[in-house]
Amino acid sequence: MADHSIHNRKDLKDLRRKLRTEMTPAESKLWSVLKNRQLAGRKFRRQQSIGRYIVDFYCPFEKLVIELDGAEHAETQRNDYDAARQAELESLGLTILRFENRMVFEQLENVLEGIKRCFTAE
C-alpha cells in the first residue's frame, strides 16, 4: 500500500497504545508466536490502525489482517459493523482472517496453518 496516510493515524495513537497494553488473553497468546518474525519470517504489527479502524494484527508484506473475535461478535449489531469494516479493509486490497478467541487456545497450530496458507511464495 503506497498511501501511508491511512496507517497509524495520529488521532488513534492513544487508543492503539491502550489496546496494546490491554490485550485480551487470546491476543497475547497469538502475539507471542507472531512477534519477532517467528512465523515464516513475516513481520506482524499489533493494534495497527488502517484508515479509521484498528486491527488486531497486520502483516504489511502480505497485506494480511488477523482479527480475533470474542463472544460479542455473535451479536447481530456487531455482525453488521464487522461486515462493513471488513468490506472497507478489503477495498484497500487487504485480506482479512478471523478466528474465534477459543481457537487460539484450543487449536493454535490450526490457526497458524490458516495464517501461513495466506502467505505468498517467497
What residues have an amide H closer than 5 Å to that of Leu97, excluding those fewer than 5 places away on the same chain, when H is modeled at 1.01 Å from N in the peptide plane?
Val65, Ile66, Glu67
Take the chain, drop everything but the C-alpha atoms, weight them equally and run the Debye formula without solvent; then report log10 I(q)/I(0) at 0.12, 0.19, 0.21 Å⁻¹ to two decimals.
-0.43, -1.16, -1.43
Give me a comma-separated list of calculated 3J(HN,Hα) values for region 55-69, in order, Karplus coefficients 6.51, -1.76, 1.60 applied at θ = phi - 60°, integers in Hz, x for any Gly or Pro.
9, 5, 9, 9, 10, x, 4, 8, 6, 10, 10, 10, 10, 9, 10
Got a sec to turn the phi values of region 11-24 into Karplus ³J(HN,Hα) couplings, 6.51 cos²θ - 1.76 cosθ + 1.60 with θ = phi - 60°, whole Hz, x for Gly and Pro?
5, 9, 4, 5, 5, 4, 4, 4, 5, 5, 7, 10, 4, 5
Could you work out the helix-only [θ] at 222 nm for the chain, with each DSSP H run of four or more residues adding -39,500 (n - 2.57) and the total divided by the number of residues, to the nearest 500 deg cm²/dmol?
-12000 deg cm²/dmol
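A short reminder: the numbers here are calculations on the coordinates, not readings from a lab. Since this is a predicted model, take the numbers as computed values, not measurements.
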